[in-house]
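Student: The structure is given below, and queries will be raised subsequently.
Values quoted throughout were computed directly from the atomic coordinates according to the rules given, and no laboratory measurement underlies them. Nothing here was measured: the structure is a model prediction, and the numbers come from that model. For neighbour counting, all protein chains shown are included, and Cβ atoms are generated from backbone atoms with ideal geometry for every residue, glycine included.
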Amino acid sequence: MVSVTLQGLYCQAGNFHIDPWRPVERALVTHAHGDHARSGSKRYLGARAGRGLLQRRLGADAVIDTLEYGETLKVGDTTVSFHPAGHVLGSAQIRVEHRGEVWIISGDYKRTPDPTCAPFEVVRCHTFITEATFGLPIYRWDDTGLVAQDILRWWDANREAGRSAVLFCYALGKAQRLLAELGKLTDRPAYVHGAVNGLVTAYREAGIAMLPTQLVSETEKGTSFAGALVLAPPSAAGSTWMRRFGEAETGFASGWMRVRGNRRRRGYDRGFVLSDHADWPDLLRTVADTQAEKVLVTHGYTDPLSHYLRERGVDASPLATPFEGEAED
Ligand SMILES: [Zn+2]
Ligand SMILES: [Zn+2]
């Protein structure tokens, strides 16, 4: 029902693409991350909760139709609907039904509770396309509340030492989730990089509660950042932008921080293990929950995950796509 073409995942019965990597007539999009929502297509269809983010990503001129989660729409000979993926605000699994056969294209997803988006919904299907960003048994996440407490302790220690704490994180999703989790523990404002700020605004517009924030570039010249927490995208690490913070410790909040060598190699002082993707146990649990007869694995560790599933009797195989394994998450 869904195959890979030059433009992207294509559903012939409905004549539409899903998260196409080249411009097409009609694109159904799972969420606003760059490797899934690409500009240039004639028309887009996404989940309503992600509308603001999609418009930001695709440009003011992009034509974007939306559906509420669970709302169905006839597209060609198919019926499509969007279901929460728990990944970032407005992220969705796309359900496609054609003559009684059901496919779920999950995009990126996680099962861990996240105050910034609707929780993942289990949807039964015949074929499940899963991601495998963290599809290795070493990737297991700790309780998010404990990670947030760890970050707050790190911020406090730096405050007492008169240093700033610069926390690098994925600008869309992770930064807002951190601000929401920290907002449960403190009401001290945090500073944000420009790349994070616009997305924080989009989340606020969607009614998500987060720590108060201040844009770094709007502070007066000579402002001291001693004791401040600053959220910035990894691309800002090592740039001249960092100079204004004086004595600073750096941290990185990412699933990749599960592996010690990654923190050292990237030169961060601290690593906090926090991801917006499913960890290994949750990938397996989700595949089982969908009761899918066939599983297609994309995004990241496709071979190890499909191999493991096949050994346990699941009809699984890798599906080659240019979706990124999300190096920042
Ligand atoms: Zn994503
Ligand atoms: Zn992705």
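Student: What is the distance in Å between the Cα centroid of the stretch 36-64 and that of the stretch 254-329?
Tutor: Comparing the Cα centres of the stretch 36-64 and the stretch 254-329, I get a distance of 26 Å.
Student: Here is a follow-up. At 10 °C and 1.306 mPa s, what whole-number value in µm²/s does Stokes-Einstein give for the translational diffusion of the stretch 68-149, with Rh from the Kirkwood sum over Cα pairs?
Tutor: Stokes-Einstein gives a translational diffusion coefficient of 113 µm²/s.
Student: Report D for the stretch 1-148 in µm² per second (integer): Stokes-Einstein, Kirkwood Rh on Cα pairs, 37 °C, 0.692 mPa s.
Tutor: The calculation lands on 210 µm²/s.
Student: Please give the calculated 222 nm ellipticity per residue for the chain, where each DSSP H segment of at least 4 residues contributes -39500 (n - 2.57) and the sum is spread over every residue; nearest 500 deg cm²/dmol?
Tutor: -6500 deg cm²/dmol
Student: Summing Lys, Arg as +1 and Asp, Glu as -1, what charge do residues with Cβ under 11 Å from the Cβ of residue 228 carry, residue 228 excluded?
Tutor: +4
Student: Report P(r) for the stretch 85-197: all Cα-Cα distances, bin width 10 Å, range 0 to the bin holding the largest distance, values in whole percent.
Tutor: 12, 35, 30, 16, 6, 2, 0
Student: Could I ask something else about it? Going 7 Å from the Cα of residue 224 along its beta-carbon direction, which residues of the stretch 239-269 have the amide nitrogen within less than 15 Å of the resulting point?
Tutor: 245-248
Student: Calculate log10 I(q)/I(0) of the stretch 30-80 for q = 0.27, 0.30, 0.33 Å⁻¹, where I(q) comes from the Debye formula with a single equal point scatterer on each Cα and nothing for solvent.
Tutor: Ignoring solvent entirely, the Cα scatterers give -1.07, -1.20, -1.31.
Student: Using r as the Cβ-Cβ distance of residue 239 and residue 217, and R0 as 22 Å, what FRET efficiency do you calculate, to the nearest 0.05?
Tutor: With R0 = 22 Å, the Cβ-Cβ based efficiency is 0.95.
Student: OK, next. Please work out the ratio of the alpha-carbon Rg of the stretch 181-287 to 2.2 N^0.38 Å and round it to two decimals.
Tutor: Dividing the Cα Rg of the stretch 181-287 by 2.2 N^0.38 Å gives 1.22.
Student: Please work out the FRET efficiency for the pair residue 22 and residue 269, using the Cβ-Cβ distance as r and a Förster radius of 35 Å; give the result to the nearest 0.05.
Tutor: After rounding to 0.05, the efficiency reads 0.30.
Student: Find out how many positive minus negative residues lie around residue 127, taking Lys and Arg as positive, Asp and Glu as negative, among other residues whose Cβ is under 14 Å from that of residue 127.
Tutor: 0
Student: Now, a different point. Less than 10 Å Cβ to Cβ from residue 66, Lys/Arg counted +1 and Asp/Glu -1: what total charge do the surrounding residues give?
Tutor: Neighbour charge sum, excluding residue 66 itself: -1.
Student: Residue by residue through the stretch 56-67, what is 3J(HN,Hα) from phi via Karplus (6.51 cos²θ - 1.76 cosθ + 1.60, θ = phi - 60°)? Round to whole Hz and write x for glycine and proline.
Tutor: Each residue's phi maps through the Karplus curve to give 4, 6, 8, x, 5, 7, 4, 8, 10, 8, 9, 10 Hz.
Student: Determine ³J(HN,Hα), in whole Hz, for all residues of the stretch 274-287 in sequence, where each value follows from phi through the Karplus function 6.51 cos²θ - 1.76 cosθ + 1.60 and θ = phi - 60°; x replaces Gly and Pro.
Tutor: Values per residue, Gly and Pro as x: 8, 10, 9, 10, 5, 7, 4, x, 6, 4, 5, 4, 5, 4 Hz.
Student: Report the semi-axes of the equivalent ellipsoid for the stretch 91-135 in whole Å, largest first, where each axis is √(5λ) for an eigenvalue λ of the Cα gyration tensor.
Tutor: 22, 13, 8
Student: Using only Cα atoms, what Kirkwood radius does the chain have, in angstroms?
Tutor: 20.4 Å
Student: Arranged by the count of other C-beta atoms within 10 angstrom, fewest first, what order do 83, 17, 299 take?
Tutor: 83, 17, 299
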